[in-house]
Amino acid sequence: MYSSYGALCTEVYDLTKPLGFSFGDVEYYTERLSGVTGKVLEVGCGSGRVMIPLIQAGLDVEGLDNSPAMLDSCRRQCAQLQLTPRLYQEEMYDFELPHPYEAIIIPGGSFQLIEGRALAITALAHFKACLTSGGRLILDLFIPTDVQEHAHSTKTWTTPDQEVLVLEDRRIERDLLEQRVVSLLKYEKWKDGSLLQTELQRLPLSWYGVYEFELMLEKAGFADIVVSADYQYKRQPERAGQMITYEATRV
């Protein structure tokens with residue numbers, strides 16, 4: 001019934017966050033992984049915004065995502081740069097890959113797309129199992145500041161081909177006890193007044209308290225947990241809305 005990061009979503013993403021775009025995460029992850037000599041896995045790699053610069057920095061990075069459209073975009077961009085990373089189409093909470101990793105990274109809050117605490121805990125245990133001894137998990141989370149019920153917004157973009165992309169974002173669920181909101185995203189592509197393409201996506205977003213997530217990591221078997229805010233290593237979070245990066249080591 002719903003798409004999941006389909007062709008129009010990918011087109012909007014590549015238009016608004018092209019290769020080279022950074023929230024500060026590209027530089028941060030490059031620095032934090034600078035001593036890694038083994039394989040790195042980016043879970044939720046999308047079209048390669050973070051993964052490709054890491055490869056260009058000399059890291060051996062593989063990518064995993066559940067969206068065929070995003071992975072196709074990633075392959076195209078890699079081919080243009082003569083890069084050939086291994087890419088896997090799998091769910092982030094349940095995947096089987098041929099080897100372990102020295103580091104697993106999940107930038108941009110993608111972990112928060114996992115719906116439900118039980119599945120999130122399962123995912124953390126799975127990440128641990130896929131790491132080498134002493135391997136690190138590094139991921140970003142944020143606590144949203146806008147959880148208004150029935151929130152609604154519309155955005156538009158014009159493509160180089162003079163087509164208009166429209167994104168309508170309508171909140172359809174809010175559960176403060178479960179710390180989750182769900183939005184219904186409707187993407188449309190128009191040209192000369194005619195609708196060319198449309199897709200509908202259900203987008204869940206969960207969030208976690210800072211200490212809550214530290215406890216989840218500890219329960220999953222991680223240690224040496226470092227919490228950093230706004231891509232400044234060991235800077236303590238001060239408020240909701242900041243990007244909070246957790247770095248933890250497999251015991």
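The values are calculated or read from the model by the stated rules, or taken from the named source; none is laboratory data. Being a predicted model, the structure only gives us computed values, none of them experimental. Neighbour counts run over all protein chains shown; Cβ positions are idealised from the backbone, glycine included. Remember, those area values only see protein heavy atoms, side chains included, never the ligands or the DNA or RNA. Shrake-Rupley method; radii C 1.70, N 1.55, O 1.52, S 1.80 Å.
Numbers below:
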item: From the C-alpha gyration tensor of region 126-251, square roots of 5λ in Å; result: 37, 18, 15
item: Distance from region 1-48 to region 150-167 (C-alpha centre basis), Å; result: 21
item: Folded to 0 to 90 degrees: helix 7-16 orientation relative to the chain principal axis, Cα; result: 80
item: Placed amide H near residue 172: partners under 5 Å, 5+ positions off or other chain; result: 182, 183, 184
item: Mean accessible surface per residue for the chain, computed with a 1.4 Å probe while every protein chain stays in place, in Å²; result: 49
item: Phi-based couplings in Hz for region 197-205 (Karplus 6.51, -1.76, 1.60; Gly and Pro marked x); result: 7, 8, 8, 10, 10, 8, 10, x, 9
item: Over region 1-86: Rg over Rh, Cα atoms, Kirkwood Rh; result: 0.97
item: Relative contact order (%) - region 209-251, alpha-carbon pairs under 8 angstrom, separation at least six; result: 39
item: For residue 231, net neighbour charge (Lys/Arg +1, Asp/Glu -1) across residues whose Cβ lies under 13 Å away; result: -3
item: Angle in degrees between helix 210-219 and the longest Cα principal axis of the chain, rounded to the nearest 10; result: 60
item: Kirkwood Rh in Å, taken over region 120-165 so that all alpha-carbon pairs contribute; result: 15.5
item: Residue among 57, 118, 151 with the largest mean-square fluctuation in a Gaussian network model of the chain, springs linking Cα atoms under 10 Å; result: 118
item: From phi via Karplus (6.51, -1.76, 1.60), per-residue ³J(HN,Hα) for region 84-92 in Hz, x at Gly/Pro; result: 9, x, 7, 10, 10, 9, 8, 7, 5
item: The chain: most fluctuating residue of 71, 196, 137 per GNM, C-alpha cutoff 10 Å; result: 196
item: Kirkwood-type radius of the chain, with distances r between different C-alpha atoms, in Å; result: 19.0
item: Set 128/234; 186/234; 17/234; 17/189 screened for pairs whose C-alpha atoms are more than 29 Å apart; result: 186/234
item: The chain: most fluctuating residue of 42, 238, 199 per GNM, C-alpha cutoff 10 Å; result: 238
item: Rounded tilt (10° steps) of 68-80 against the dominant C-alpha axis of the chain; result: 80
item: Phi-based couplings in Hz for region 147-159 (Karplus 6.51, -1.76, 1.60; Gly and Pro marked x); result: 10, 4, 6, 6, 4, 8, 8, 9, 10, 9, 9, 9, 7
item: Local electrostatic count, residue 151, Cβ distance below 13 Å [Lys/Arg +1, Asp/Glu -1]; result: -2
item: Built amide H within the under 5 Å cut-off of residue 135, gap 5+; result: 250
item: The chain - charge dipole about Cα centre, Lys and Arg +1 at Cβ, Asp and Glu -1, debye rounded to 20; result: 160
